[in-house]
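Chemist: Structure incoming, see below.
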Amino acid sequence: MSGADDAPRSDHRRGGPIRPLGLLSLRARITIGSTAIAAIVILLLVLVMRFQVVSVVASATRTLLDADADPYVATLEVDSDPDLSSPGNAQLVAVVSPSGEIVLSTMPDRVEQALGSLRSTPAGTSIITASGSEYRVVVEHPVNEAGRWTVVAARNSQAEAIVVDDLTTTLSLTGLAILLAFGVASWVLATTALRPVNRMRREAERLSVAPERAELPVGPARDELASLATTLNAFLARTRQATERERQMVSDASHELRTPLAILTTQLDLASLDGNDAAALAAHIERAKHSVARLSRLANDLLALSRIEESEQREQDGDRRPETAWSDLGDEVMAAVDRVRLIASAKDVTVDFDLEPPVAVGGSGPGIGGGTVEPRYRIDTGGMAQLVTNIAGNAVAALPRGGGIFVSWRSTGGQGVLQITDDGPGVPESFIPVAFDRFTRPDEARTSRPNPDPSTGAGALPGGSGLGLAIVRAVAERAGGTASLRNVPAGGLEVTITLPEVR
């Protein structure tokens, strides 16, 4: 009893009691709804047609009554002592003289009793009741030398009612037949229209069995169901890509973590064996610190990628992307270059930069303001710092002593272009297509030694996690831009980030 009592309360908490129609299938609801609308329309049509028939029958009766009375009216208008003949069979006509004498009458007795009152009524059509029966009458008052006569033509209204009732019955039966046919047709059409939905449902059930191959069928018609199937297929494709990316990331991260953890375990084991040798113990601890630093870089880079993807998801859900002015991003480029110089100074690597502001409209030289609106980009200063620090820090680690790095930030052709070039050994051509993939590293041509300062945040440094350039691409694509790199013919590597202006 308690379970039965709890169910209605649970339904009420979820949004009120369940309505009877809510228990029916969509096909049944469509059929019931369309049939109900059709029933209302048919009922209105029957009522309108009945009203029209009543009006037509009444008009026809008035015409017949006028035809019955007109010969007598015409005679009385020219003859004060007429010789009136009896009307035709089934015609109810009465003529009353100016003195009140009934000169001619084929009326039933109960109607003749009302003729006296009709003498004083104006000419026209009216309804009289005699002994429970209704008669439609036409009253005319022709005038001649003898005075004012009264001509009355009548017909029993029961005949009109029979005609109207018979026609109403016929219309009602016809309407019921049409309604039944409409209900069957609605059921068949709803079944046909929902057949693609059933196919989509069956295909969706297979997602749990083979989600990597499942795709909802798209019908040949360009209708709402085809649009729904296309949208859901795009959603499934993005979901599969995200799942595959996460699966690959977990696999790669596990592989990357295994080596430094194994090395760290070995270093700690060796340190425990050399516990009595202070110099050896210090060396083991120093090497363990480097392993911990590598693990820390990997964790930080994974966290950075995760935050970027979370930001992309929030933006897809409607959050507004950040917009930053060109000059603010230029200030961040200079600040990031200063931070990279601290690392580069240990290897005597020079880091230079150049900022090229947008050209002012109507002017001959560059400048912000003075006739132009400063361009803005969908990236914040933190994202720009990641771009410069990751790319330039990677170059510092790869360059030999005395090398050089050049950073430029300019606005051209409706885009902001960040370009970082070094004069190092470059990378193998086979590495360029996969350079921005996660956990990828070039061969030893650009591998010198780990970054001496793990606090810089450079992710894709040699000996690091191989996530730096992946972060660069993620930041650029989040801003709607692109990332590319190429080997400079004269020697070195050039990385280019393009960011579209906000329109």
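The values are calculated or read from the model by the stated rules, or taken from the named source; none is laboratory data. Not measured: the values here are computed from a predicted model. Every residue, glycine among them, receives a Cβ derived from its backbone with ideal geometry; neighbour counts consider all protein chains shown. Keep in mind that these areas ignore ligands, DNA and RNA; they rest on the heavy atoms of the full protein, side chains included. Shrake-Rupley method; radii C 1.70, N 1.55, O 1.52, S 1.80 Å.
Chemist: With respect to residue 361, determine if the residue is over 24 Å from residue 485 (Cα atoms), over 37 Å from the mean Cα position of the chain (by Cα), β-branched (Val, Ile, Thr) and at pLDDT below 90.
Modeler: Working: over 24 Å from residue 485 (Cα atoms): yes; over 37 Å from the mean Cα position of the chain (by Cα): yes; β-branched (Val, Ile, Thr): yes; at pLDDT below 90: yes.
Yes.
Chemist: How about region 105-127: which of its residues are touching a Leu at 6+ places or on another chain (Cβ under 8 Å), in a strand (DSSP E or B) and touching a residue at least 24 places away in the same chain (Cβ under 8 Å)?
Modeler: Matches in region 105-127: 125 only.
Chemist: Check 410, 449 and return the single one that is at pLDDT below 85 and either over 42 Å from the mean Cα position of the chain (by Cα) or over 14 Å from residue 392 (Cα atoms) (or both). So that I can check it myself, show each step before the final result.
Modeler: Numbers: 410 fails: at pLDDT below 85.
Selected residue: 449, the only one of 410, 449 that is at pLDDT below 85 and either over 42 Å from the mean Cα position of the chain (by Cα) or over 14 Å from residue 392 (Cα atoms) (or both).
Chemist: While we're on this one: Select from region 128-156 the residues that are touching a Ser or Thr at 6+ places or on another chain (Cβ under 7 Å), open to solvent by 10 Å² or more (accessible area, probe 1.4 Å) and part of a strand (DSSP E or B) and list them in ascending order.
Modeler: 134, 136, 144, 155, 156
Chemist: Any chance you could count how many residues in region 157-172 are at pLDDT 85 or above and not β-branched (Val, Ile, Thr)?
Modeler: 5
Chemist: Here's a follow-up. Tally up the residues in region 61-102 that are closer than 17 Å to residue 124 by Cβ and exposed (fewer than 13 other Cβ atoms within 10 Å of the Cβ), please.
Modeler: Result for region 61-102: 2.
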